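These notes are about the structure you will find just below.
The values are calculated or read from the model by the stated rules, or taken from the named source; none is laboratory data. The structure presented is a predicted model; accordingly, all values stated were derived computationally and were not measured. Ideal geometry is used to build each Cβ from the backbone, glycine not excepted, and the neighbour counts take in all protein chains shown. Quick note on the areas: whole protein, heavy atoms, side chains included, nothing else; ligands and nucleic acids left out. Shrake-Rupley method; radii C 1.70, N 1.55, O 1.52, S 1.80 Å.
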Amino acid sequence: VCCSGHGKNGSLSVLQQSIRPDLITEVELPSCRGIWTVYYKSSRAHTTEDNEYHAYLIISLEGRTMVLETGDDLGEVTETVDYYVQGATIAAGNLFGRRRVIQVYTTGARVLDGSFMTQELNFTAHSSESSSSSSEPLGVASASIADPYVLLKMVDGTIQLLVGDHSTCALSISVPSIFTSLSEKISACTLYRDRGPEPWLRKTRSDAWLSSGIAEPVDGGGSSSQEQSDIYCIICYESGKLEIFEVPSFRCVFSVESFLSGEALLVDAKGRQDDTKVSLKKEAADSIRVVELAMHRWSGQFSRPFLFGLLNDGTFLCYHAYCYEGLESNVKDNSFSPAGSVDLASASDSRLKNLRFRRISVDITLREDISSLARPRITIFNNVGGYEGLFLSGTRPVWVMVCRQRFRVHPQLCDGPIEAFTVLHNVNCCHGLIYVTSQGFLKICQLPEAYNYDNYWPVQKVKFV
């Protein structure tokens, strides 16, 4: 507690070293593996996207899944819905402009219209070279959802893509051909939606000066920003190499040879792959791997994407993208045919040559070894008590809040290790949160409104009367 300010701005300031959420209610819930909240739009609802209430809370336990309605009260509806409840859930989210819910479990996925299932998918090994038992179910290790796509990382290190059709609200399974004969295992992968109407990554193309809309929208339906969004797939291999692909074409547009070494600057490695092989072998020998990836661009007129990587030794890598506008970016290739029209073949061959990532120093040390098959630790949120950022669960849970395009890192130590985290917005909990502690308690909370988190420590100012 301190006195701060001068004159009419003078106040008593109460500073906290960590965040202590205001508890609304708690229930005992042992053996919880993950929690998700999802929306449900039966039609084109009149509520705005920011103010829409969540419809269901999905709780994954050790050997089953619970489903609760998030109306006026949290009521269990596990027995009356078509969700997969006989086993654990890997991931859940919304598709097709929140008109459908996607639930991914170990051996399959279900698409639901509210509480009714409209499609069920079963995953099998697609590679005929794998073994004679290639028709056996292939387990899902993790999933990433970016409407209308779902990226699946399988337990054998391969990936599969679920492609959604907005007209039918149905999914089809696709195995990108670039990965069918891949000898190198994938350690982590994620999808990134570059939101319209002006997707940021398009600015970093070498053909960005050809502003004629060469990159077509990848999905129809939904809001106008969704129609003009681009989807990318970020993949990190066990060797430490990171690649960014366009979806659904899976054309590589950016690559870095050794992402896990934590270099200060990430630059597209095309044509510069000769000086990193020694360090790659050293990293591989150390058995350091990227176990989780995330990429997101939060709100704001001048916001830029952030790239996050979690290593199996507990290291948390954070990068901020920017557009490099050097001399070579102003040099225009001969992308015009003799007739003067744009040569689409050469234009479509463009990479994100002007994309750079600068490493951001964040004071986060998880101090734990993380298995590559562990549950996801990174949860991105867009509105919890008016703040946006990410939550990192584990033995030392921490909030990373994005305030004016810089990070404010606040630990949450009051409940010990946190197993799972998600956001909740309903009648009784306005832009709040739910988390499950390692002691087996599910807590519904809100951020204390009296505190300002855009500081090194959360601070509450008490005005003198």
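Odds and ends about this structure:
- Subset of K153/K443; K41/K203; K241/K353; K241/K270; K153/K241; K153/K203 violating a 23 Å alpha-carbon distance limit: K153/K443; K41/K203; K153/K203
- Stretching the chain fully between S31 and S181 yields a gain of 50.2 nm (0.36 nm per residue, less the alpha carbon separation).
- Ordering of 103-113, 75-85, 440-450 by packing is 103-113, 440-450, 75-85, highest average first (other Cβ atoms within 10 Å, averaged per residue).
- Taking all protein chains as shown and a probe of 1.4 angstrom, E419 keeps an accessible surface of around 50 Å².
- Accessible surface, 1.4 Å probe, highest first, among residues D454, D230, D22: D22, D454, D230
- Virtual paramagnetic centre 7 Å along Cα→Cβ of I24, amide N under 16 Å, in the range 425-448: 425-436, 442-448
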